[in-house]
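No value in this document is a laboratory result; all are computed from the given coordinates. Since the structure is predicted, the reported quantities are computational estimates derived from the model, not experimental observations. Virtual Cβ from ideal backbone geometry, glycine too; neighbours counted across all protein chains shown.
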Amino acid sequence: DIQMTQSPSSLSASVGDRVTITCRASQSISSYLNWYQQKPGKAPKLLIYAASSLQSGVPSRFSGSGSGTDFTLTISSLQPEDFATYYCQQSYSTRVYTFGQGTKLEIK
Amino acid sequence: QLQLQESGPGLVKPSETLSLTCTVSGGSISSSSYYWGWIRQPPGKGLEWIGSIYYSGSTYYNPSLKSRVTISVDTSKNQFSLKLSSVTAADTAVYYCARHSDDILTGCWFDPWGQGTLVTVSS
């Protein structure tokens, strides 16, 4: 199985900060990488698909980059509603999908 | 807009079978472009994909759960269902259903998701 490792596991930041979350795959996954945001008690919400494509309706302050094994999710200017847990997910494995362990973004 | 809603018992005894249904509204489960999946999240932990189904009935499962999982579809009711057998406390989780793509160029991503339902395994 392809393992996905996110770093950091948790992060404290302030409103207006630029934040970067990293996701590393245990083998090359090309650009088959997606990012989700989950708020407490809610279902995950798709932010980015195929490494860098912004899902419709998602604010442009969110961006994704990377290919191969290393990927990043960047929030250009943190807003209060962005404090949540973020997950990456790979779909390179033929019909075996795995998620990262999550990165919890907290208010400093 | 497309909406998904999970339903089923919130409490299941150890060794029994967990059964959940996902009802799709605002669109057809028979869309040729999409698959339908189940994902779970133990309390305070991360996400685990369980398995997926196409409207034709074609399925594929997480290898770690494959021996205990059955996913089925009822196109007449616009629903798909999950059965997980021989449950233990480790199967306690919020269970989500979601639609997903399966595109050769861009891969698979889950969107939208149901709100989730907590299933507790306890005697």
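Out of the trypsin sites (Lys or Arg not before Pro) in the stretch B:1-74, which ones are loop residues according to DSSP with at most 15 other C-beta atoms within 10 Å?
On the way: sites: B:Arg40, B:Lys45, B:Lys66, B:Arg68; in loops: B:Lys45.
Answer in residue order: B:Lys45.
Which length gain, in nm to one decimal place, applies between A:Asp17 and A:Ser65 when the Cα-Cα distance is subtracted from 0.36 nm times their residue separation? Show your work: numbers first, answer last.
Details: separation 48, 0.36 × 48 = 17.28 nm, distance 1.85 nm.
Extra length available between A:Asp17 and A:Ser65 comes to 15.4 nm.
Would you tell me the mean number of C-beta atoms belonging to other protein chains that fall within 10 Å of each C-beta in B:99-108, as a whole number?
Details: counts 0, 4, 3, 2, 4, 0, 3, 8, 14, 10.
Per-residue shielding by partner chains comes out at 5.
In the Gaussian network model of chain B, springs joining C-alpha atoms below 10 Å, which of B:Thr106, B:Thr17, B:Thr59 carries the largest mean-square fluctuation?
Judging by the Gaussian network model, the answer is B:Thr106.
Can you give the net charge of the other residues whose Cβ lies under 15 Å from the Cβ of B:Asp102, counting K and R as +1 and D and E as -1? List each step's numbers first, then the result.
Values: positive: A:Arg95, B:Arg99; negative: B:Asp103, B:Asp111.
Combined, the nearby Lys, Arg, Asp and Glu give 0.
Quick check: pseudo-label points 7 Å beyond the Cα along Cα→Cβ at A:Gln55 and B:Ser31, how many nm apart are they?
It is 1.3 nm.
Give the cysteines in chain B for which no other Cys Cβ lies under 4.7 Å away, or write none if there are none.
So far as the 4.7 Å Cβ criterion goes, B:Cys108 stand without a partner in chain B.
How big is the Cα convex hull of the protein assembly as shown in projection, averaged over all directions, in nm²?
On the way: hull surface 48.2 nm².
Result: a mean projected hull area of 12.1 nm².
Jot down the radius of gyration and Dmax of chain B, Cα atoms only, both in angstrom.
When restricted to the Cα atoms of chain B, Rg and Dmax are 13.8, 46 Å.
Using the Kirkwood radius built from alpha carbon pairs, what does the Stokes-Einstein equation give as D for chain A at 25 °C and 0.890 mPa s, in µm² per second? Don't jump to the answer; show the numbers that get you there.
On the way: Rh = 13.7 Å.
My calculation gives 180 µm²/s for D.
Working from the alpha-carbon coordinates of the stretch B:1-63, get Rg over Rh, Rh being the Kirkwood radius. It would help to have the intermediate numbers written out before the result.
Values: Rg = 13.5 Å, Rh = 13.6 Å.
Rg/Rh for the stretch B:1-63 comes to 0.99.
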